[in-house]
1. Which of the peptides 129-135, 153-159, 21-27, 96-102 is most tightly packed, and how do the rest follow, going by the mean number of other Cβ atoms within 10 Å of each residue?
2. State the number of lysine pairs found in the chain whose Cα atoms come within less than 27 Å, restricting to pairs 8 or more positions apart or on distinct chains.
3. Among Leu94, Ala142, Met171, which residue has its Cα furthest toward the positive end of the charge dipole of the range 74-221, with +1 on Lys/Arg Cβ and -1 on Asp/Glu Cβ?
4. Pick out, from Ser25, Gly48, Ala82, the residue whose Cα sits farthest towards the positive end of the charge dipole of the range 11-94, with +1 on the Cβ of Lys and Arg and -1 on the Cβ of Asp and Glu.
5. Treat every Asp and Glu Cβ in the range 26-71 as -1 and every Lys and Arg Cβ as +1, leave all other atoms uncharged, and give the resulting dipole magnitude about the Cα centre to the nearest 20 debye.
6. Show me the three semi-axes of the equivalent ellipsoid for the chain, from the C-alpha gyration tensor (sqrt of 5 times each eigenvalue), largest first, rounded to whole Å.
7. Mind checking the dipole of the range 139-221: about its Cα centre, +1 per Lys or Arg Cβ, -1 per Asp or Glu Cβ, Debye to the nearest 20?
8. Report, in whole Å, the centroid distance computed from the Cα atoms of the range 47-62 and the range 160-202.
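The values are calculated or read from the model by the stated rules, or taken from the named source; none is laboratory data. Values in this document were obtained by computation on a predicted structure and should not be read as measured data. Neighbour counts run over all protein chains shown; Cβ positions are idealised from the backbone, glycine included. Accessible surface areas use protein heavy atoms only, side chains included; no ligands, DNA or RNA. Shrake-Rupley method; radii C 1.70, N 1.55, O 1.52, S 1.80 Å.
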Amino acid sequence: LMPRVALATCTHLPEPDLDEAVLLSALDGEKVDARVVAWDGDPSLLEGASLIVLRSTWNYHLAIDAFLAWVTKNEPRLQNPASIVRWNAHKGYLRDLAKEGFPVVPTAWVARGERCDLDRLAGERGWRDVVVKPAISAASHATRRFRGPPFDSTFAAELAARGDVMVQPYMVSVDDFGERSIVCIDGEVSHAVRKRPRFAAGDERMPPGALAVADEERRLA
């Protein structure tokens, strides 16, 4: 019998998943019975699946408690370590990485319900170009860039009323060097891709082709 694998997605994709058909074809070629199942859909569709792989659950940040409850419920057969999924769901993981000595983008954290004054936060740190985003987010949801001073704190205050917020200086290196994503396959570093800046309502853009992984990137991975 072919192993049955559930590729977890969501009921309403916020954008097309252009890799889905390619992946399903490749798995079929390897005699893997893989099916795409929405995490927020009919739970009976997961019955019989021996393995669940997080694939395109791109709305998790809009229902984070329900999503993490689903992760916990399916933990025994979830390919992605549930502890890592829970840790990674809130961008507070950057503080953990910083404590371990990894260089991260400087971040001002504003807890839910706290006052979010961009003039004060940016002024104390000498920032004149900042990015504001929720600490639980995906696909640049509710992510905006502001230049100042003075700064308009309306957007940041609205976010802070609903959840934790992070304020960071805009890193100009993303305009040319870009944000690198290092891809590992079967435990081995394979290649990197470059992402261009993306803000709320924007489309993800990546130059075509894979990039070689620099020695420093390989050590970090």
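1. Going from most to least packed, we get 129-135, 153-159, 21-27, 96-102.
2. Eligible lysine pairs with Cα atoms under 27 Å apart amount to 7.
3. Ala142
4. Projecting each Cα onto the dipole axis, the largest value belongs to Ala82.
5. So the magnitude is around 120 debye.
6. 34, 22, 16
7. 240
8. The two parts, judged by their Cα centres, are 22 Å apart.
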